[in-house]
Each structure stands twice: as structure tokens, then as C-alpha cells.
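This report concerns only the one structure given below.
A short reminder: the numbers here are calculations on the coordinates, not readings from a lab. Just so we're clear, the structure is a prediction, and the values are computed from it rather than from any experiment. Neighbour counts are summed over all protein chains in view; Cβ atoms, including those assigned to glycine, are modelled from backbone coordinates with ideal geometry.
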Amino acid sequence: MAAISALLSVASLSDGHAADPAPLQLETRIPLGHVVGRIDHMAVDLSRHRLFVAELGNNSVGIVDLQAAKVLHRITGLKEPQGVGYVSSNDTLHVANAGDGSVRLFRGADFRDAGRIELGDDADNIRVDAAGRRVFVGYGGGALAAIDAESNRKVADIALDGHPESFRLESGGSRIFVNVPDAHAIEVVDRDNGRTLTKRSTGAWGSNFPMALDEALRQVIVVFRKPAVLAAFSMADGKEVTSTSTCGDADDVFVDVQRHRVYVSCGDGFLDVFEPHEASYRRIARIPTASGARTSLFVPELDRLFLAVRAGSQQPAELWVYRPSP
């Protein structure tokens, strides 16, 4: 990350102390070139310092060289790519396409075509289980597909009560926590045997899209759009621990374990930063971004938050790079 220089910092603290250092500093903006429409999820190849950006509205995936701070390559001819996942063990990029329900595979430094896996409909989020050598993909009216990362074959389906949005793999066990907004539920399934373990109704709260796990606190962090609420639930029994208001049209949430913070990226043009406070969460900053910039990726190994900013009338498509502070 040495080549990314500190060019710009913008933030407004929610408590009004403008002189305090912002918890996220905008270091640089990387142009994505001629990219139109919505931008979706991202993934990273740590060994090569490359970031993969699902350019859904552009039917492409951009590959950004983070050291050179520029677009290195673009994979075109896709069908509304939503999810991306990189498997380091066999150097393969997985791209989930909503338009045709496929997972396209690209391998190596030159991103050569390595095949495709047909799922059937609305392939979406991807999570990589590196230890288990599996790739999980949410798709269709309610399923997670388990793909063997070595043979590149679908080996199992895990049934859900509706289309899965964000889901997270427990690192110290076999559970997968899944947001299922169509069912107004958070479902927990076992990734080893495919069984549903628990279902928790979200009640009056709806559109639960982003999710993160705080395994240190043993909490599931879920952000709702209707209304705009960040809520924490116990990983043990699913009970609500606390909730607080947040920015609107959220699409991603991440836990910064090092600093004990939570980052939320929202399409209404803000990043919200929270810290645990007593038995709840306290917002310590609301940082202006750009309208529609709701997709982000926090990479602890690089200690950076990447925000995808779609093109607008006065705004070209860019990748904004934030450095947490202190």
C-alpha cells in the first residue's frame, strides 16, 4: 500500500468536535474508467495486491492494482456480476452472475477462462471457506450452493426460506449466519450437513441486507434498511443485544477487530462508524461520501476500507480508499 498516498481527508464527527481526528481518512481515489451503472461486491488477492470489483451495471469485473493505484484489467462479457470471491489455493476468481445464474471462473495472473458452474438463477454473494476448500454462493429463491474449490463442482445445496443476501461463515465452527429479507428472518445453517439450526424473525424490521460477525463479542451485526437500524444479536441464542439508528440504504458492514469499531456504508451518501459503548453501540462519525456509494470492503490485512463509487452526472466511477485512524 506504499504507493497509495494521502491525498484527501473528509469527515464530520457526529458529536460536533471537528478538530478530533476522523476515524476514517480518505487517502486516494482510483479512477475505474468508463464504468456505468451499479457497482456491487468486491474481493481481494492479497499476494498480488489486487482488488476485484463487480461492475454489475457494466457487465464486467474490474481488477485494480492497489500498489499502482490503477485499473490493471477488465473482464467483460459477464451477465450482471454481483458476487466475487478469490481462492488463493488454486489462484481462481469466482464471479457470480445474477443475469444468467452462473458462477464464472478465471484463473491465474492473466485471468484466463477456467469454466463455469450453472446455478440456475440470481447468483449473488460469495464467501470462501479456505480451510474447508469450499466456496459458498447465495442464489435463487432460497439456497446456498456449496462448491468444491479443487474440482470446481457444486457438491451441495443448503435450503433457505428465501433469497439470501449477506451471509457469514463462523470461523471457529460450522455455522453460516444468513440474512433472508424476503422471510423477515435471520437463518443459521450448518455448512457441514446442510441442516437448518435456527431461524429468528426480524419482526417489524425489514430489508436486512448487510451482515458481519463480531466473534470477539460473540455477536451477529445486521443492518436493516426499513427502518435504517444497526442491530446486534447473540451468536449463542439469537437474542437481540442492542440496536441503534444508522445511515440509509446500507449494503455493507464490517468489524474492525483491531480498533473495536464497526463500519457501515450507505447509498444515501455516508459511512457510519460505531464503537461499543457500555451495552450498546455509539456512533462516533458520519462521513460524507457520494450518493449510491453503498458497497465497500474492509481488508484487515491491508488495514484499508475500499468504497465503490458509481458514476453520476458530476462523479466518475471510482474506488475510494480509506485509512482507519489512529
task = Would you work out which of L319, L302, F274 lies farthest towards the positive end of the dipole of the stretch 216-326? Charges go on Cβ: Lys and Arg +1, Asp and Glu -1.
result = F274
Where labels lie 7 Å past Cα in the beta-carbon direction, separation of R107 and S313 in nm = 4.8 nm
15 Å beta-carbon shell around E150, net charge (K/R +1, D/E -1) = +2
For the stretch 179-326, average projected area of the Cα convex hull in nm² = 9.8 nm²
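Which order results if C247, C266 are arranged by neighbouring Cβ count within 10 Å, fewest first?
Values: C247 22, C266 27.
Listing C247, C266 from fewest to most nearby Cβ atoms yields C247, C266.
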query = What is the Cα radius of gyration of the chain over 2.2 N^0.38 Å, N being its residue count?
reply = 0.94
ask   = Each residue of the stretch 141-155 in turn: what ³J(HN,Hα) in whole Hz from Karplus with 6.51, -1.76, 1.60 and θ = phi - 60°, glycine and Pro shown as x?
value = x, x, 7, 10, 8, 9, 10, 6, 6, 8, 8, 6, 10, 6, 10
ask   = What list do you get for K239, K154 if you sort them by fewest beta carbons within 10 Å?
value = K239, K154
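Based only on other Cβ atoms within 10 Å, what is the fewest-to-most ordering of R200, R294, R48? Could you put the intermediate results ahead of the total?
Details: R200 19, R294 31, R48 16.
Least to most surrounded, the residues fall as R48, R200, R294.
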task = Provide, as a two-decimal number, the C-alpha radius of gyration of the stretch 59-174 over 2.2 N^0.38 Å, N being how many residues it has.
result = 1.04
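Report Rg(Cα)/(2.2 N^0.38 Å) for the stretch 205-245, keeping two decimals.
On the way: Rg = 9.6 Å, N = 41, 2.2 N^0.38 = 9.0 Å.
In units of the 2.2 N^0.38 Å rule of thumb, it is 1.07.
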